[in-house]
Amino acid sequence: ERWRRRPVGLFSGETSERAQPLLSDLYYLERALTPISEVRRGTVDELLGRTLAVMILADVGRLTDTQEQKLEEWVERGGVVLRFAGPRLATDQSDKLIPVRLRTGGRELGGVMSWERPAALLPFEESSPFAGLAVPPDVRIERQVLAEPSIDLDRKTWARLTDGTPLVTAEKRGKGYVVLVHTTANAEWSNLPLSGLFVQMLQRLVGLSQGIAGENEQGVLAPIETLD
């Protein structure tokens, strides 16, 4: 395990780089992941052409059929696809690479399905990969995409808001996982990306992947010392 690498690929649904990097979908992800992983940017096709352990899609709407098929096969072999919500995903949920069915639109302050105040996070359950992480009392979610109720929704929920709605859902597929964070990767819909909890959650999610084996793992390792 100690010799496994976990390179992370980042792709955003933004059509161009923003002039203000603090509003970028990838800014906080890159800052959080660079100290612990090799981070690569590119299109979905470019990233799949390289060796990856985790693919992060930040507010990506409809994937092409070819991209979806390639990603599904990659997940089956042990990859982790981590998706973040946003305006594009809220209006286009037609691909199959999400762990739960979503309602069209979303919930936000002042919206049709609105909160009176921003929502906080519940402590993580023991069955969640985030179990044991402390939830800062000042983390607040102002907008999210909502999961449709289903029989297996509780089983697929790894993080909840105080009103019980899922914030992180996931589904195991083959040897890998498809994970959805129901809010954005930037600070537009919540202040979660500004917290240390965001970094810790990403570390746990990256650790779920199979990782990339060292070059000699499948062969014969040279001994450090030999004794007669």
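Helix 65-76 and the longest principal axis of the C-alpha atoms of the chain enclose an angle of approximately 60°. Of all the accessible heavy-atom surface of the chain, with the other protein chains kept in place and a 1.4 Å probe, what percent is carbon and sulfur? Here carbon and sulfur together make up 49 percent of the probe-accessible area. For the chain, the 222 nm mean residue ellipticity estimated from helices alone, with every DSSP H stretch of n ≥ 4 adding -39500 (n - 2.57) and the total spread over all residues, rounds to -5000 deg cm²/dmol. In terms of modelled amide H atoms, which long-range or inter-chain residues lie less than 5 Å from the amide H of R40? Close amide H contacts, sequence-distant or interchain: V8, G9, L10. Cross-link reach is defined here as a Cα-Cα straight distance under 16 Å, omitting same-chain residues fewer than 8 places apart; for K70 the lysines meeting it are K96, K175. Remark: the chain carries 53 Å² of accessible area per residue (probe radius 1.4 Å; ligands, DNA and RNA excluded). A Cα-only calculation for the chain places Rg and Dmax at 18.4, 77 Å. Taking the C-alpha atoms only, the angle from helix 196-207 to the longest principal axis of the chain is near 50 degrees. The length gained by stretching the chain between E68 and A222 to full extension, at 0.36 nm per residue less their Cα-Cα distance, is 51.4 nm. Here's the picture: a label point sits 7 Å out from the Cα of T165 along the beta-carbon direction, and within the stretch 183-205 the residues with their amide nitrogen under 20 Å of it are 183-194.
The values are calculated or read from the model by the stated rules, or taken from the named source; none is laboratory data. Just so it is clear, the structure is predicted and the values come from calculations on it, not from any experiment. Glycine gets a Cβ as well: all are built from the backbone with ideal geometry, and neighbour counts include every protein chain shown. Calculation scope for accessible area: heavy atoms of the full protein, side chains included, ligands and nucleic acids excluded. Shrake-Rupley method; radii C 1.70, N 1.55, O 1.52, S 1.80 Å.
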